[in-house]
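The values are calculated or read from the model by the stated rules, or taken from the named source; none is laboratory data. Small disclaimer: the values here were computed from a predicted structure and weren't measured. All Cβ positions, glycine included, derive from the backbone under ideal geometry; neighbour counts span all protein chains shown.
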Amino acid sequence: MRKDEKDKVGFREVLAIMVFTLGLKGTDISTVLLLREGLNAAWMIIIGSFLFIIPSLLILSSVLKKHQTKNLLEITQLTMGKPFAFLIALSLLFFTLMNTATDSRSYMTQLISVNFPNTPLFILYLCFLALCMWVAKKGWEAIGSIAWAVFPYLMIALAMLYVLMFKEAVFYRIFPLFGNGKWEIVKASFNFSSLFAELLAMMYPFVKNHKTYTRSLYSSLLLTVSLMALMYLSYIWMFDYRSVGKITYPFNEAIRIVSLGRNITNIETFFITLWLVGVFVKFVVYIYFVSKIFGFLFHISEFEHTIIPISILILVIGMIPENNEISLFVIRTNTLAYFKYLFLFLPPMLWVATKIREVRAA
Amino acid sequence: MRRRALPFLLFSMVFLLTGCWDKKEVEERSYVVAIGLDLPKGVDLEKEQAVDVTFQFSNPKLNVKGANPAEGAEMEDIITLTAPDFVTARNMANSFVTREVSFSHNKVLIISEELAKTEIFYRMLSTAFKDREMRREANIIVTEGKASEFISKNKPEMMVRPHRYYQFLIDRATETGMVPESTINRFFAITDGDADLFLAMYGSYDKNNKETGFQDEDQYIAGQVPKRGGNPIQLIGSAVFKEGKMIGTLTGEETRITRFLDNTAELRDLFSSFQDPLDKRYKIAVRLKQTKKLKVKIKKRNGPPKIEITYPLDVKVLSVPSMINYADNLENQEKLKTALKNKLKENAENLIEKTQKEFKGEPFYWSLNVRPLFDTVKEYEEWDWMNKNYPLADIHITMDVNIVGFGKQLKESNIEKVRD
């Protein structure tokens with residue numbers, strides 16, 4: 001792996017990348033899962049799952065601090081031995097690959113069913129992944145710059161969207177406050193805790209130093225969680241909890257309903273364009289990380305060469321499910337359910353292993 | 001590198017600039033501005049699914065400055081056909097409409113009362129929203145007669161563009177409170193919430209002049225407004241929907257009260273007349289406005305709940321034909337206030353009683369005020385506001401009326417002196 005200074009990014013780039021990769025989950029089809037579990041308390045699940053992931057994040061941060069410049073998998077290899085690291089890397093690869101494939105497919109389906117009804121999925125998917133691949137090939141620094149470059153525009157558009165959505169909102173629809181019940185929210189929060197887990201740890205070696213890492217991690221997570229919670233709240237305020245459950249793409253419906261005054265209606269194209277830019281950045285980052293894990297697993301130091309074959313693999317896997325609902329209800333539900341344990345328990349395990357090694361060394 | 005990229009870029013332009021599968025010019029589309037739905041004649045709905053669909057298209061030529069609208073083309077802009085549902089009717093229409101029929105600028109859904117009263121209506125409407133072009137911000141208008149006739153009889157005054165016409169009609173009518181705001185989004189939210197009644201705009205066209213004679217300005221329902229000339233269609237009052245099915249109507253006045261009693265409704269300006277308390281022959285014209293929110297306090301208890309309502313209204317006196325001075329006579333002012341209070345309270349109480357007895361549900365969206373009393377959705381839905389509690393509830397109204405002004409003319413002329 002190349003370790004020149006060029007490959008590191010600073011606070012704002014990390015912030016932009018994290019907000020895109022995680023925040024966009026408030027706009028895609030996974031909202032269906034959360035709204036089904038939480039009804040009008042879905043926004044609490046967002047906050048709850050964030051709280052669930054905090055302890056492992058803290059532990060992870062302290063582990064990472066000890067092994068500066070190494071990523072999660074390298075640390076695993078160092079502390080727990082090669083076979084175990086291989087296993088972890090393999091499952092992580094499986095998870096991220098499946099996730100990227102089903103996710104990107106679902107975004108494409110979303111685009112097709114709302115905006116491009118006649119365009120074949122394969123062509124749209126191909127164009128999308130080709131562009132993502134092209135950007136991902138440019139390397140980490142380029143990804144960071146792009147994310148940061150488009151970040152302000154997206155935030156302005158998002159702020160505008162919130163203001164417009166508030167105009168349509170009926171705030172009392174937030175009640176009954178706890179939706180399906182408090183215990184249900186806790187359970188659902190635990191189940192969806194991998195919502196915020198992806199890729200966080202992998203980011204580490206790409207950030208300038210430990211301080212920047214922690215600073216950007218926490219601020220971006222806080223920003224993302226609040227943006228997502230607000231997004232879910234807006235859905236509830238606009239559609240009410242029973243009605244929103246029927247909608248496949250609440251985000252798309254929401255941007256259709258809002259209008260600028262009386263005369264400027266049908267402004268969804270404006271939002272969808274900027275949203276699409278965000279989606280591009282998200283999948284550029286995903287593809288980059290998948291190939292990085294792949295590179296680690298098979299000892300390919302110039303892992304950026306694997307981006308092309310991996311994109312093709314993603315395309316192939318993404319094309320398999322017959323419809324988007326299968327990928328949602330079967331694949332995503334299961335991957336989310338099983339891999340949360342990996343994200344929740346790997347950091348503590350690493351911490352213990354590191355401690356044991358330290359004691360032995362002493 | 002750059003030199004090699006250039007031909008590639010130029011080559012890809014060939015693909016980019018010709019557009020893709022979904023590229024459609026405005027010229028290639030026909031935009032529907034109003035969809036009308038009727039029960040079809042001669043089809044047994046028990047056995048087969050069918051609906052009469054009427055489309056009114058906008059005329060894109062009119063938007064080109066200086067272009068002459070094709071003469072006599074207006075009538076051809078409206079078509080009616082019988083189809084299984086109105087989503088597929090688009091393609092049926094293409095057997096004689098040359099362009100792609102698009103719903104993406106549809107402003108209203110006009111439904112005949114006859115269809116709205118059947119159970120199939122909700123099925124048809126709610127599932128149509130799987131289609132990507134259906135927009136939830138479109139409004140629902142229920143018409144007394146046939147929707148197709150409502151659309152074709154419509155002769156917009158001063159306006160040639162139908163999409164503007166519907167928008168203005170709806171905007172203005174909702175501002176004055178004569179009709180409710182009835183977007184499809186609200187329809188779904190309320191119907192799926194299953195705790196309130198939904199109100200849709202009620203419209204009619206002059207059919208057989210069944211005017212009921214002169215009444216106060218807002219006591220009519222559509223089709224009864226005494227008028228001569230103008231557009232034959234009227235929009236006043238509301239159609240009441242319970243669980244996706246139409247069950248009755250409200251007059252313009254009742255609709256206005258409903259909207260005052262509903263915190264989610266916004267009213268702009270509302271002129272109304274009341275009997276002069278000091279001289280019963282005359283009517284005082286006032287402008288009503290709600291600046292404060294309605295307060296609804298609901299007490300859960302064993303048996304029917306107790307509901308305390310504080311009903312705030314700001315009154316501006318606009319004309320006093322009896323020529324009695326109210327502005328500088330505080331005693332008279334107090335009398336006027338009490339009279340207004342009593343009248344407004346009585347109206348509201350009558351309406352509430354009507355909804356409790358006749359409709360067995362409320363159109364005021366008070367379930368929103370019930371919700372904070374519960375922690376979970378399950379408890380709230382089991383308590384069943386609409387069916388088990390509201391019809392039996394004990395409701396008290398406290399009026400909070402303020403006379404905020406007397407217009408821009410302080411005193412009335414002294415009629416005795418003028419006559420002298």
Tell me which residues, restricted to the stretch B:346-377, are part of a helix (DSSP H, G or I), surrounded by fewer than 16 Cβ atoms within 10 Å (Cβ to Cβ) and among the charged types (D, E, K, R). B:E346, B:E349, B:E353, B:K354, B:K357, B:E358
Give the residues of the stretch A:203-236 that are buried (at least 18 other Cβ atoms within 10 Å of the Cβ), at pLDDT 90 or above and not hydrophobic (A, V, I, L, M, F, W, C), sorted by residue number. A:T224, A:Y232, A:S234, A:Y235
Looking across the stretch B:107-138 at residues that are of a type in the set (G, A, S) and within 14 Å of another protein chain (Cβ to nearest Cβ), the single one that is nearest to B:E243 (Cα to Cα) is B:S126
Would you pick out the residues in the stretch B:164-193 that are at the interface with chain A (Cβ under 10 Å from one of its Cβ atoms), assigned to a helix (DSSP H, G or I) and of a type outside the set (A, V, I, L, M, F, W, C)? B:R164, B:Q167, B:D171, B:N185, B:R186, B:T191, B:D192, B:G193
What pairs come up if the first residue lies in the stretch B:340-360 and is under 22 Å from B:S273 (Cβ atoms), the second is surrounded by 14 or more Cβ atoms within 10 Å (Cβ to Cβ) and hydroxyl-bearing (S, T, Y), and their beta carbons are under 8 Å apart, counting only those six or more places apart or on different chains? B:L344/B:Y311; B:K345/B:Y311; B:A348/B:Y311; B:L351/B:T258
A:F190 vs. criteria more than 14 Å from every other protein chain (Cβ to nearest Cβ) and under 28 Å from A:N334 (Cβ atoms): yes
Look at the stretch B:378-397 and say how many of its residues are within 14 Å of chain A (Cβ to nearest Cβ) and assigned to a helix (DSSP H, G or I). 8
Looking at this structure, is A:F239 crowded, with 21+ Cβ neighbours inside 10 Å, within 12 Å of chain B (Cβ to nearest Cβ) and not hydroxyl-bearing (S, T, Y)? yes
Output the residues belonging to the stretch B:95-114 that are outside any strand (DSSP E or B) and within 23 Å of B:G237 (Cα to Cα). B:N106, B:K107, B:E113, B:E114
Among residues of the stretch B:17-59 being in contact with a helix residue (DSSP H, G or I) (Cβ under 7 Å, 6 or more places away or on another chain) and among the β-branched types (V, I, T), the residue surrounded by the most Cβ atoms within 10 Å (Cβ to Cβ) is B:V53
What do you reckon, is A:F122 within 21 Å of the chain's Cα centre (by Cα) and surrounded by fewer than 23 Cβ atoms within 10 Å (Cβ to Cβ)? no
Taking the stretch B:228-268 only, how many residues are among the small types (G, A, S), modelled with pLDDT of 85 or more and not in a strand (DSSP E or B)? 2
Among the numbered criteria (1) at pLDDT below 85; (2) closer than 30 Å to B:E381 by Cα, which one does A:L72 miss? (2)
Residue pairs within 7 Å by beta carbon, gap of at least six or interchain, first lying in the stretch A:112-126 and part of a helix (DSSP H, G or I), second among the small types (G, A, S), listed first then second, are A:Y125/A:G318
